Amino acid sequence: MIPTSPDLHELARAIKAWGRELGFADVRIADVDLAHAEEGLQAWLAAGHHGEMDYMASHGMKRARPAELVPGTVRAIVARMDYLPKNNEPGSAWRAREAARQADPGAAVVSVYARGRDYHKVLRNRLAQLAERVKREIGEYGYRAFTDSAPVMELPLAAKAGLGWRGKHTLLLSREAGSTFFIGEILVDLPLPIDEATSGHCGQCSNCIDLCPTQAILGPGRLDARRCISYLTIELKGSIPLELRPLIGNRIYGCDDCQLACPWNKFAQRAVLPDFDERNGLGDASLVELFAWEEEEFNRRTEGSPIRRIGHERWLRNLAVGLGNAASSRAGDPAIVAALRTRAEHPSALVREHVRWALGQHGA
């Protein structure tokens, strides 16, 4: 039985408290009217800015219509979970550490969010526990929990719920936590009281736009994913465009540059769950070290990691680009050249092509 109106207010307060007990830093509630986001989605898809991410277009405007995805839906419970690994000091220190890694041509830079356990699994599990806790309280009701796993516009939902605002880089920003967090949702058929959206606080700052290595951010809120290093190293299945390879530097999985440039990330919060602790030394590994992983070792070390999804072939492709770019300050480095030559006859044409390019950068 669905609770009465006064009980719904109490239930909403309880849901937020249960969410915090499960490791979520903030839990809020929004209605599911995203009509305001449809025009922008249509324009982005029409411009081809989604690249090879066909799944972004396959459901049409259903992404902006959660009630079509899950009939009966009237609210979204939206939760935030911080992911900064515990070995990173909050404030400016963690950003300085990451900048130093990027400046080291031999370092392999993996996006901070991907150094621990796959967030999809962590958040889905915790959201499922939260949904079940509600069921124990009120009985059967309609719901569906997900995180980055269903055709719905999660960031507009989170902004509408008041978890933050969309920054100029398109990521969600919070005054309390910057942007180093994951979000997940539970679509429900309960008419819970909704929270207020928050206003934007980017002001005149354009750091994320100005400092994007590939100039993928075309303007405030306008991202061409085809130029984004995260897209190039994770979503793109084929050859990385020649003109973009030098701009990738030593970033081998994802890119944090727009987050490192954002002043709000001095408020980034460390994770409360150990799931996001760094694994396999991915915060300190070298390009040569990771390039030596054979497929069996790659699969073993990335078990339970978001990195597993790109597979060993694209892992080597990305590392080859990083090793080629190391020539900017370490041209002809014997260790790098020797490492690249071990893959010169790799069975994958994709790997061989990127290795040849990298060797060419070293004049080898």
Using alpha carbons only, how many degrees (0 to 90, rounded to 10) separate the axis of helix 349-361 from the longest principal axis of the chain? 60 degrees
C-alpha long axis of helix 35-46 to longest principal axis of the chain, angle in °: 20 degrees
In nm, to one decimal, how far is the Met53 label point from the Arg13 one, both placed 7 Å along Cα→Cβ? 3.9 nm
Could you work out the local net charge near Leu247, counting Lys and Arg as +1, Asp and Glu as -1, over the other residues with Cβ closer than 12 Å to its Cβ? +1
By how many degrees, between 0 and 90 and to the nearest 10, does the Cα long axis of helix 311-325 differ from the longest principal axis of the chain? 60 degrees
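Okay, helix-only estimate at 222 nm for the chain: each DSSP H run of n ≥ 4 adds -39500 (n - 2.57), divide by all residues, round to 500 deg cm²/dmol; what do you get? If you can, show how the numbers build up before the last one.
Values: 15 runs with 137 residues, N = 364.
Helix contribution divided over all residues of the chain: -10500 deg cm²/dmol.
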Singleton cysteines, the chain, no second Cys beta-carbon under 4.7 Å -> Cys202, Cys205, Cys212, Cys228, Cys255, Cys262
Which aspartates and glutamates have a Cα lying under 19 Å from the Cα of Lys237, excluding residues fewer than 8 positions away in the same chain? Glu52, Asp54, Asp224, Glu295, Glu313, Glu353
List the lysines whose Cα sits under 26 Å from the Cα of Lys16, skipping any in the same chain fewer than 8 residues away. Lys86, Lys121, Lys135, Lys160, Lys266
Just need the relative contact order of the chain here, percent rounded to a whole number, with Cα pairs under 8 Å and 6+ apart. 22 percent
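Read-outs: derived from the displayed coordinates by stated rules, not from any lab. Just so we're clear, the structure is a prediction, and the values are computed from it rather than from any experiment. Note: ideal-geometry Cβ built from the backbone for every residue, glycine included; neighbour counts use all protein chains shown.
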